[in-house]
1. How many residues does the range 168-181 contain that are more than 10 Å from the ligand (Cβ to nearest atom) and either aromatic (Phe, Trp, Tyr) or not in a helix (DSSP H, G or I) (or both)?
2. The conditions are (1) at pLDDT 95 or above; (2) in contact with a Phe, Trp or Tyr (Cβ under 9 Å, 6 or more places away or on another chain); (3) over 18 Å from Asn170 (Cβ atoms); (4) not β-branched (Val, Ile, Thr), and Leu42 fails exactly one of them. Which is it?
3. Return the pairs, sorted by first residue and then second, in which the second residue is of a type in the set (Gly, Ala, Ser) and not in a helix (DSSP H, G or I), the first residue lies in the range 17-38 and is more than 13 Å from Leu148 (Cβ to Cβ), the beta carbons are less than 6 Å apart, and the residues are 6+ apart or on different chains.
4. Kindly provide the set of residues from the range 136-167 that are open to solvent by 30 Å² or more (accessible area, probe 1.4 Å), within 9 Å of the ligand (Cβ to nearest atom) and closer than 12 Å to Asp9 by Cα, ordered by number.
5. Which of (1) open to solvent by less than 40 Å² (accessible area, probe 1.4 Å); (2) assigned to a helix (DSSP H, G or I) does Ser113 not meet, given it meets every other one?
6. I want to confirm something. Restricting to the range 6-41 and keeping residues that are outside any helix (DSSP H, G or I) and away from the ligand (no atom under 16 Å from the Cβ), which single residue is surrounded by the fewest Cβ atoms within 10 Å (Cβ to Cβ)?
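The values are calculated or read from the model by the stated rules, or taken from the named source; none is laboratory data. Source: prediction; values computed, not measured. Cβ: placed from backbone, ideal geometry, glycine included. Neighbour counts: every protein chain shown. Calculation scope for accessible area: heavy atoms of the full protein, side chains included, ligands and nucleic acids excluded. Shrake-Rupley method; radii C 1.70, N 1.55, O 1.52, S 1.80 Å.
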Amino acid sequence: MEFEDVNSDIESVVLTKEQIAEGIARIAREIENNHTGHTPLLIGVLKGAVMVMADLARELHIPIEMDWMAVSSYGASTKSSGVVRIVKDLEISLEGRHVIIVEDIVDSGLTLSWLLENFESRQAASVSVATLLRKPDAMKVDVPIDYLGFDIPNDFVVGFGLDYAESYRNLSGVGVLKPAVYGG
Ligand code: 5GP
């Protein structure tokens with residue numbers, strides 16, 4: 001789905017699909033450089049990271065494995081609850097693996113710092129983080145981001161996997177949702 005398909009709901013375009021593709025290709029080259037000689041395990045955080053994972057995995061010129069985890073997040077609200085709960089756990093053991101967490105967006109960093117701690121306790125050889133988007137608040141907390149697509153302003157965005165009440169995930173770019181859409 002393109003911006004013109006949902007024009008009246010989007011206030012401004014943050015990233016076009018071409019810019020996203022460039023960002024993902026850049027991340028892929030960095031990952032390739034750091035992971036020669038072993039097969040990293042990419043872990044996507046459902047559901048938002050589905051699009052980033054799909055494009056990143058295909059852009060990588062090295063073998064990888066993939067697994068998925070679902071944790072509770074915003075629900076239909078636009079504010080973080082700070083509560084992390086495992087909704088779907090991993091199927092592949094992390095022991096001795098080089099893990100790359102694949103995220104769509106890091107905002108407060110609460111989800112990520114919880115995941116980092118959880119994965120380290122499962123004896124991973126290394127845990128690094130790739131995220132397409134980072135919001136300003138994420139820089140205030142101590143969450144290491146190894147591979148970053150783009151820093152974006154502190155607005156509520158949708159598209160490329162990011163939803164509002166489960167809609168807009170299939171938008172090919174990322175845009176700011178008009179506050180009127182969520183009653184703001
Ligand atoms: P954090 O724990 O870093 O505050 O937030 C992580 C999760 O919050 C993300 O994976 C995403 O689901 C959600 N989130 C944060 N900012 C936005 C946003 O601007 N738009 C949408 N749709 N979700 C967001």
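1. So the count comes out to 6.
2. Looking at each condition in turn, Leu42 falls short on (2).
3. Qualifying pairs under 6 Å: Lys17/Ser172; Lys17/Gly173.
4. Tyr164
5. Every listed condition holds for Ser113 apart from (1).
6. Going through the qualifying residues, I end up with Gly37.
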